[in-house]
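Below: one structure, written as structure tokens.
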Amino acid sequence: MALFERTIADRYLKTHHKGAFVRIMVRFARGGTALGVFAMVVTLAVMNGFREEIQATLFSGTAHFTVFHLAGDIPDTQGTLQAIRAVPGVKAASPIRLEKGLLRRTDSEMPPEAVVVKAVDPASAHGTSSIFDTQQPTPIEQLKEGEIVLGKELAQRLGLRIGDTVALVFFRMELGLGGQQPKVAAFKVAATFHSHSSEYDKAWAIIHLGDAMRLARTEGRAEMIEVRAKSIDAIAEVKPRVLEALGPAYQATDLRDSNKSLFAALTVEKWAFAAILSLIVLVAAFNIVASLVLLVTEKRRDLGVLLALGATPRQIQRLFELQGLRIGAVGTAWGLGTSVPLCLILDHFKLLKLPAAVYDFITYMPFRLKLLDIVLVGLFPLLVSWLAARYPAKKAASLDPVDALRAE
């Protein structure tokens, strides 16, 4: 924009000799814009944080996606593993089997607990699931056949300690002397894990893949293969590559597919809150309109002189549009300058704690900033400010210099 418009706009906004009411209106407009930007940035950061924490919790117990064969067990488990690991973007892959059963202490009359039994390959399981990061006292790599790993809450509820023996009844029938009977096996408690998610800590049990294969009589065939990509965002890119490498007999699923409604609701909620809080910026836009209308009225004689001296109506219009943009830009800078550092500090030091009784998987209020969100929040007030300045700018440009000077 030309130096003429910038100079006049700057002079009008910074003058202190008169127009105190106009200056107050400008300050209210800047403050309202800053408040709206601050509220939108903080809200979007909180919604991003909760979404990421929920995703991280869901994917802590399982890999990013699971591959299975349409006909049942995977025919060539080792060959399939090699093919998956060779796909670009795949970080790790591990075979598993899933069973359901009832778990109880062998020396107690307490009723059994229903559990999900996940059979893993100790050599590769840690690469696909972060739930084993919290396993104590021994790592998952040292799990042997005949041993079991329990969620911490499940072990506490049953009063189990490391070295205790438990009986596990599988929901898998076999023919015995009395007819069809469930399979029962005894396991020694080798370790516990604590994932901060009740879904896993209260109802999951981990056993060696060899035990599950022997009970299911699958002769070395896994039921599924868990795959971990480089990141959660890379799932949509890596999963089709894996299926293309394996052929049409295989399918894949991940927790985002089964929880699609949850993530869709979080996205809608995020932008709904942002839209509601953007009304604060729209309210500030009315202050911009009011302040510029008052400024046009106050500077009517000056504008008449400028027009008489050769200034074009287009220059006068740009002058007031620039003033509206500057008001919005200052307010936006204030809002971003306070909200962005605040979100970074609160998230880095985890200052806002959440009650464990309400959120068992999130211990603090997460604030996750995304560059696209900041850019959109920064551009919105500028657009609103420019549009708000259009009406008073056109009014100023339409002044007749003769009438303006005669009125004075």
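The values are calculated or read from the model by the stated rules, or taken from the named source; none is laboratory data. Keep in mind it's a predicted model, so treat the numbers as computed, not measured. Here Cβ is always computed from backbone atoms with ideal geometry, including for glycine, and neighbour counts include all displayed protein chains. Heavy atoms of the whole protein, side chains included, go into the accessibility calculation; ligands, DNA and RNA do not. Shrake-Rupley method; radii C 1.70, N 1.55, O 1.52, S 1.80 Å.
Can you tell me the 0 to 90 degree angle between the C-alpha axis of helix 260-298 and the longest principal axis of the chain, rounded to 10? It is inclined by approximately 10 degrees. In this view, the solvent-accessible surface of GLU298, computed with a 1.4 Å probe and all protein chains in place, comes to about 60 Å². Roughly what angle does helix 3-14 make with the longest principal axis of the chain, taking Cα atoms, 0 to 90 degrees, to the nearest 10? Once rounded, one gets 90 degrees. Estimated from helical segments only, the mean residue ellipticity of the chain at 222 nm is -17500 deg cm²/dmol, where each DSSP H run of four or more residues counts as -39500 (n - 2.57).
Size estimate for region 1-160 follows the Kirkwood approach: the inverse of mean 1/r over distinct Cα pairs works out to 22.2 Å. The residue among THR33, ILE74, LEU154 whose Cα reaches farthest toward the positive pole of the charge dipole of region 24-167, with charges on the beta-carbon of Lys, Arg, Asp and Glu, is THR33. Taking the 1.4 Å solvent-accessible surface of region 275-356 as the whole, the part contributed by carbon and sulfur is 72%. Solvent-accessible area per residue in the chain equals 50 Å², computed with a 1.4 angstrom probe and all protein chains kept. Per the Kirkwood formula applied to alpha carbons, region 280-395 shows a radius of gyration over Rh ratio, Rg over Rh, of 1.24. Take VAL377: with every protein chain present and a 1.4 Å probe, its accessible area is about 10 Å².
Projecting label points 7 angstrom from Cα along Cα→Cβ for LEU371 and PHE21 puts them 4.7 nm apart. Of the Cα atoms belonging to the chain, the radius of gyration and Dmax stand at 32.7, 115 Å. Placing R0 at 35 angstrom, the Cβ-Cβ distance between ARG172 and THR267 gives a FRET efficiency of 0.30 after rounding to 0.05.
Which lysines does LYS202 reach when only Cα atoms under 25 Å apart count, and residues fewer than 8 places away in its own chain are ignored? Hits, sequence-local ones excluded: LYS100, LYS118, LYS144, LYS152, LYS183, LYS188, LYS260, LYS353. The share of accessible area on region 46-192 that comes from carbon and sulfur is 54 percent, using a 1.4 angstrom probe.
Our compactness index for region 46-119, the C-alpha radius of gyration over the empirical 2.2 N^0.38 Å, is 1.57. Relative to the longest principal axis of the Cα atoms of the chain, helix 20-58 runs at roughly 10 degrees.
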